[in-house]
Amino acid sequence: MLFGAGLSVGLAFWGVIAATGLGATLKASAHGLTLLKLLGGFYLLWMAYGAARSARRRQDPALPVWPMVPGSDVA
């Protein structure tokens with residue numbers, strides 16, 4: 001479910017960029033595209049840091065990563 005939400009947000013982001021003409025601006029501006037790439041790289045590093053920190057904090061490996069939903073047998 002989180003994957004679908006992330007995918008939707010990403011598609012909406014690129015849709016807004018295309019609709020407002022920022023895609024052409026980024027294509028014409030080497031500095032703008034480089035900045036966008038750097039921001040994307042830093043965001044990926046931030047997510048990796050958060051995942052590593054979360055994995056280190058988890059103490060009982062027998063516990064499910066996601067809490068079970070009441071009335072559901074899917075973890």
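Computed from the coordinates by the stated procedures, all read-outs in this text should not be read as laboratory data. Computed from a prediction, not measured in an experiment: that's the story for all the values here. Note that each Cβ is placed from the backbone with ideal geometry, even for glycine, and that neighbours are counted across all protein chains shown.
Quick look at the numbers
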| quantity | calculated |
| --- | --- |
| Label-point separation, residue 54 to residue 14 (7 Å along Cα→Cβ), nm | 2.3 |
| Burial order of peptide ranges 34-40, 2-8 (average beta-carbon count within 10 Å, highest first) | 34-40, 2-8 |
